[in-house]
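Written out below as structure tokens is the structure these notes cover.
The values are calculated or read from the model by the stated rules, or taken from the named source; none is laboratory data. Computed from a prediction, not measured in an experiment: that's the story for all the values here. Cβ atoms come from the backbone with ideal geometry, glycine included; neighbour counts cover every protein chain shown.
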Amino acid sequence: MVITGIIIIDGNGCLYGKLEGINQYILHRIIADLPRTMGRGSQRFQILRLNKRNEYIKKCHAAAVELFTYNDNPTIEKLVIACAHPFKGEFKLLIEKDMLCDIPCNIIDISYGMEYGFNLVVNDLLNKYLIFNQMLTKLESIS
């Protein structure tokens, strides 16, 4: 049974989950209150906004390492990162620098966050798994 770690990141929060076979678990949530972009703000507001966003991404990364590793060994076999566009590149760079870098990692763009986004990702993964198993059974029946 493959254990897949799932991370959902958007501007409102971060959700960590695990998929074991067909069983899904929500492990942890982080709620974020990131400042919005200002239409007529100065550069000072932009710098404050970017600093808050960087702190949030580092906090999400630290929680991912804590949840998906035990004694410096990964507890999952696959990692799926589903995030909104602005967080995708920065979070992937942080993942590549630590002990989670050895795990196969998929990045998915999503429009929804938290539980709804988690359910969409889980349904997508289960559909791909079922299609793959059907293809294997057809190939076995042919040979």
- Would you pick out the residues in the range 94-143 that are of a type outside the set (A, V, I, L, M) and touching a strand residue (DSSP E or B) at 6+ places or on another chain (Cβ under 6 Å)? PRO104, CYS105, ASN106, GLY113, GLY117, PHE118
- Task: Could you identify the single residue in LYS92, LYS59, LYS88 that is of a type in the set (D, E, K, R), assigned to a helix (DSSP H, G or I), within 21 Å of GLY117 (Cβ to Cβ) and touching an Asp or Glu at 6+ places or on another chain (Cβ under 8 Å)?
- Result: LYS88
- Across the range 1-54, which residue is modelled with the lowest pLDDT among those that are among the hydrophobic types (A, V, I, L, M, F, W, C) and over 20 Å from VAL65 (Cα atoms)? MET38
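Residue by residue through the range 1-45, note down the ones that are of a type in the set (D, E, K, R) and either under 21 Å from ILE107 (Cβ atoms) or not in a strand (DSSP E or B) (or both).
Correct list: ASP10, LYS18, ARG29, ASP33, ARG36, ARG40, ARG44.
A quick yes/no check of all residues on (1) surrounded by 14 or more Cβ atoms within 10 Å (Cβ to Cβ); (2) within 16 Å of LEU120 (Cβ to Cβ); (3) hydroxyl-bearing (Ser, Thr, Tyr):
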{"residue": "MET1", "(1), (2), (3)": "no, no, no"}
{"residue": "ASP10", "(1), (2), (3)": "yes, yes, no"}
{"residue": "GLY17", "(1), (2), (3)": "yes, yes, no"}
{"residue": "ARG44", "(1), (2), (3)": "no, no, no"}
{"residue": "LEU50", "(1), (2), (3)": "no, no, no"}
{"residue": "CYS60", "(1), (2), (3)": "yes, no, no"}
{"residue": "ASP72", "(1), (2), (3)": "no, no, no"}
- Message: Consider the range 85-143. How many of its residues are farther than 27 Å from MET1 by Cβ, within 12 Å of the chain's Cα centre (by Cα), surrounded by 13 or more Cβ atoms within 10 Å (Cβ to Cβ) and touching a residue at least 24 places away in the same chain (Cβ under 8 Å)?
- Response: 2
